[in-house]
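Since the structure comes first, as C-alpha cells, the remarks are kept for the end.
The values are calculated or read from the model by the stated rules, or taken from the named source; none is laboratory data. Treat the numbers as computed from the prediction; the structure is a model and nothing was measured. With ideal geometry, Cβ positions are generated from the backbone for all residues, glycine too; neighbour counts draw on all protein chains shown.
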Amino acid sequence: MSTSDLKLKLRDPLNKTRLDTVPVSELFSYLKLYEQAVLACTHQAGDDKPVVCLVGLSESSVLTTLRHSPACVSAALAIKVALLSADFTQLPIKCHEKLVEFSRVLTSRGVTATIDDGQGKPAEISPERPVLPRKVVTLQNKTTVYGRCERVGGETPKAAIRLFASGVQLDVMLTTELAIELAKRLYDFVGIEGTAVVDVATGEAVSFNAERISPYAGKKADPTGALKRLREKIGSGNYGDPVKYVAEMRGEEQ
C-alpha cells in the first residue's frame, strides 16, 4: 500500500445513499466502526500513534477519503486482503468482531461499503458479501473462579461475578439453592466451583455453571494479618536479595 489514503464508498442498490440524505450520526457510525476495526489490527511502534482521519468527502454516493497514520497502513491492507479472500483467520479476533459489527449495521440498512486503496481490486462488504462471525471452538473444564459478587437473582438464577484475574464480568448460572446462599455474599469476594465452557482461541470463559460455593473467606480474609504471621514464622531479616535469601535458607556459605 504505497499511500496512506483509502477511499470508503457507501451506496445502496437504488443509489439513494447520497451525502444530502445520510444523517451525520449515521455516516460517522460507519466511519467509527471501520476505525475501530483498523485500530484493533494495529501494532503501535515507537511514537507512531495509530490514527485514521477523514480528509475528503464527495457527493458521488457517499465517498469518503480516509488518511491512515503509518501505524494503521498495514492494518488497513490486512483488512482489505481478508475481505477479498473471505478469510479472517489472520486478523486479530477483536478486529474480526468489529468487522462483523460493521457488516451487520451495513446489511441492516441495505448499504454496501467499498474499500479501495487504489491498488488492485477494491474490497466490499455488502448484504451479498457479509463478514461472518468466526466459528467458536470451546472446551469444558472443572475450575474455581474468584471475584466480586455484583449481582444475584433472576427468573433463571444467575450471578454476575467480576473476576479478579481479568476484571471481566462473568455470568454464572446457579441453582435456586446456590443463589440463596450466594445472595448472602452480595458485594463480597467469593470463590465458586463449577464447570466452565472456554473459548479455545481467547482462553475466556463463555459460560460457567456453578456447583458449589468455595469455602473462601472473602472480605473476612485478613491479608495484613497473614503477612504478619508469615514474618513471625520466617523472621524479620532483609530478604531483598533473593539469591542471598535462598542461600541462607539452604545454609550455604556466601
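Give 166, 126 a once-over and let me know the one that is without any contact (Cβ under 8 Å) to a residue 40 or more places away in the chain, polar (S, T, N, Q) and surrounded by fewer than 15 Cβ atoms within 10 Å (Cβ to Cβ). Sole residue among the options that is without any contact (Cβ under 8 Å) to a residue 40 or more places away in the chain, polar (S, T, N, Q) and surrounded by fewer than 15 Cβ atoms within 10 Å (Cβ to Cβ): 166. Please work out if residue 120 is at pLDDT below 90 and either assigned to a helix (DSSP H, G or I) or more than 20 Å from residue 53 (Cα to Cα) (or both). Taking the combined requirement at face value, the residue satisfies it. Could you go through region 91-103 and let me know if any residue there is surrounded by fewer than 15 Cβ atoms within 10 Å (Cβ to Cβ) and over 24 Å from residue 200 (Cα atoms). So far as region 91-103 goes, no, none of its residues is surrounded by fewer than 15 Cβ atoms within 10 Å (Cβ to Cβ) and over 24 Å from residue 200 (Cα atoms). Inside region 158-204, residues that are closer than 11 Å to residue 147 by Cβ and outside any loop (DSSP other than H, G, I, E, B) make up a count of 12. Taking the options 73, 100, 131, name whichever one is under 14 Å from residue 37 (Cα atoms), part of a helix (DSSP H, G or I), at pLDDT 90 or above and among the β-branched types (Val, Ile, Thr). Every option except 100 fails the conditions. Checking the stated criteria, residue 94 turns out to be modelled with pLDDT of 90 or more and either out of contact with any strand residue (DSSP E or B) (no Cβ under 7 Å at 6 or more places or on another chain) or over 15 Å from residue 9 (Cβ atoms) (or both).
For region 109-161, which residues satisfy the criterion of being among the hydroxyl-bearing types (Ser, Thr, Tyr) and closer than 28 Å to residue 64 by Cβ? Once the filter is applied, which keeps residues that are among the hydroxyl-bearing types (Ser, Thr, Tyr) and closer than 28 Å to residue 64 by Cβ, region 109-161 yields 112, 114, 126.
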